[in-house]
Amino acid sequence: MVAEAHGGRLRRAVLAAEEAARLEREVAEGLVPVLDVPASVAYDVAHLGTGLYSPLTGPLDEAGLAAVLATGRLPDGLPWTVPILLPVAERLAASDRVAIAHGGRLLARLDGARSYTFPHAELARGLYGTLDPAHPGVRRLLAQPDTYLTGTVAVVARPWSDPLDLDPSETRAALAARGWRKVAAFQTRNAPHIGHEYVQKTALSLVDGLLLNPVLGPKKAGDFADAAIVAAYEALIRHYYPPGTVLLGTVRYAMRYAGPREAVHHAIMRKNLGCTHFIVGRDHAGVGDFYPPYAAQAIFADYPDLGIEPLCFGEFYHCRRCGTITNERVCPHPPTDREPFSGTAVRRFLTGGGGDAAAHLRPEVLAALGSVAEPFVAPEAGNEPGTA
Ligand SMILES: [Zn+2]
């Protein structure tokens with residue numbers, strides 16, 4: 001039995017072939033206006049159709065947005081922490097139906113479309129807790145219009161074709177086929193070092209299976225590239241996990257860096273994928289020092305009705321005194337005895353900056369990263385607008 005979807009039922013709205021063809025015709029004849037959206041918005045639109053954002057049926061309206069910001073809940077009281085919005089350059093003249101495209105490819109139909117404006121400052125304060133433009137989420141927000149479309153979304157197609165992409169129905173079917181009753185999800189934007197592996201395996205000792213769920217999509221220059229993350233996880237799973245205990249599936253998503261609020265949002269997405277538990281690490285979805293390191297764990301106390309259990313972990317490190325890999329919840333020794341695992345050290349080593357990656361990574365993972373032509377997002381290809 002996989003977990004119930006958020007709000008009770010998976011909301012799935014995918015246009016049948018003939019409806020999609022009709023939308024294509026209407027667009028070609030100029031009967032329906034087309035809104036071409038950037039990747040980050042396209043992902044959200046697709047997730048509204050596939051049910052990753054169940055029970056939402058479309059981008060939030062102003063009442064929904066105000067409720068989410070003020071209470072961390074939808075107007076009916078259901079937990080919801082990150083507003084799903086569809087920014088548009090200008091208010092829409094009355095047009096009931098809008099086609100949404102990405103890169104010229106038709107993505108979805110928005111019915112009952114209507115626009116409204118909402119002040120950037122109120123949105124930034126509510127979502128990020130700051131108006132500081134040094135925060136990448138605030139910077140991105142300030143660069144976009146303050147006008148939003150709402151309505152009901154039905155999707156035509158996924159705007160991407162990742163080999164390991166699993167939408168909620170597919171993930172739920174895969175979990176059910178494995179017979180797992182308790183499944184812990186781990187979200188990541190990094191190639192796994194040994195500290196990540198220990199977090200995952202500590203969780204795995206409590207549940208039937210793990211959903212390892214790398215986030216693909218826009219990243220900052222210097223981040224691990226999507227292909228490198230996937231190759232690294234494939235190597236780790238092949239060599240270090242018991243067969244049949246891990247499902248590897250990717251998800252397209254643009255990080256908000258909203259810290260605690262985003263940690264709850266990530267948990268809701270995994271609930272909709274059928275998971276019963278969600279792993280929350282130190283400074284989950286944080287950036288810089290905008291959020292206290294464990295705020296993303298503490299916020300779950302406000303959501304006893306969330307319907308997915310957080311598994312909260314401290315950082316794992318090697319402790320010289322304990323003589324083992326451990327974490328600050330169980331090891332009493334001071335930081336001077338600790339040898340932390342570091343993605344930064346791995347990056348330095350792989351870019352020829354010296355040091356030793358072997359202390360941080362499994363050799364097979366290192367080899368997998370070495371086999372990827374471009375393991376990092378190049379500076380000129382830094383494709384996440386507004387994040388330097
Ligand atoms: Zn110790």
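The values are calculated or read from the model by the stated rules, or taken from the named source; none is laboratory data. Only a predicted model underlies this, so the values are computations on that prediction, with no experimental measurement involved. Note: ideal-geometry Cβ built from the backbone for every residue, glycine included; neighbour counts use all protein chains shown. Accessible surface areas use protein heavy atoms only, side chains included; no ligands, DNA or RNA. Shrake-Rupley method; radii C 1.70, N 1.55, O 1.52, S 1.80 Å.
Couple of notes before you dig in:
- Ratio of Rg to Rh over segment 223-282 (Cα coordinates, Kirkwood Rh, two decimals): 0.99
- Viscosity 0.890 mPa s, temperature 25 °C, Stokes-Einstein D of segment 23-177 from Kirkwood C-alpha radius, µm²/s: 149
- Take every pair of alpha-carbon atoms less than 8 Å apart whose residues are at least six positions apart; their mean separation over the length of the chain yields a relative contact order of 19 percent.
- Stretch gain in nm, segment residue 329-residue 176, where the contour uses 0.36 nm per residue and the Cα spacing is subtracted: 51.8 nm
- Residue 204 contributes about 30 Å² of solvent-accessible surface, heavy atoms of the protein only, 1.4 Å probe.
- Segment 185-324: C-alpha gyration tensor shape, a/c 1.5 cut-off, then a/b vs b/c: rounded
- For segment 130-203: rounded, prolate or oblate by the Cα gyration tensor [a/c cutoff 1.5]: oblate
- Carbon and sulfur %, accessible surface of segment 146-191 computed with the full protein complex present, 1.4 Å: 49
- For segment 57-142, the fraction of 1.4 Å probe accessible surface lying on carbon and sulfur atoms is 55 percent.
- Separation of segment 1-79 from segment 160-215 is 24 Å, based on Cα centroids.
- Probe 1.4 Å - accessible area at residue 311, Å² to nearest ten: 20
- Across the accessible surface of segment 224-288, with the other protein chains kept in place and a 1.4 Å probe, carbon and sulfur atoms take up 54 percent.
- Sorting 339, 24 on solvent-accessible area from highest to lowest, probe radius 1.4 Å, gives 24, 339.
- Net length gained if the chain between residue 371 and residue 339 were fully extended (0.36 nm per residue, minus Cα distance): 8.8 nm
- Estimated at the nearest 10 Å², the accessible area of residue 102 is 50 Å² with a 1.4 Å probe.
- The packing ranking of peptides 171-178, 257-264, highest mean first, is 257-264, 171-178, where packing means the average number of other beta carbon atoms within 10 angstrom of each residue.
- Accessible surface comparison of 114, 11, 181, probe 1.4 Å, protein chains only, largest first: the order is 181, 114, 11.
- When the helices of the chain are scored as -39500 (n - 2.57) per DSSP H run of n ≥ 4 and the total is divided over every residue, the value at 222 nm lands at -9500 deg cm²/dmol.
- Surface listing: 182, 271 arranged by accessible area from highest to lowest gives 182, 271, probe 1.4 Å.
- Global form of segment 235-388, assessed from the alpha-carbon gyration tensor, a/c cut-off 1.5: rounded
- With each label modelled as a point 7 angstrom along the Cα→C-beta vector, the residue 26-residue 4 pair spans 3.5 nm.
- Debye log10 I(q)/I(0) at q = 0.08, 0.11 Å⁻¹ for the chain, Cα point scatterers: -0.42, -0.81
- The residues of the chain expose, per residue, 42 Å² of accessible area to a 1.4 Å probe.
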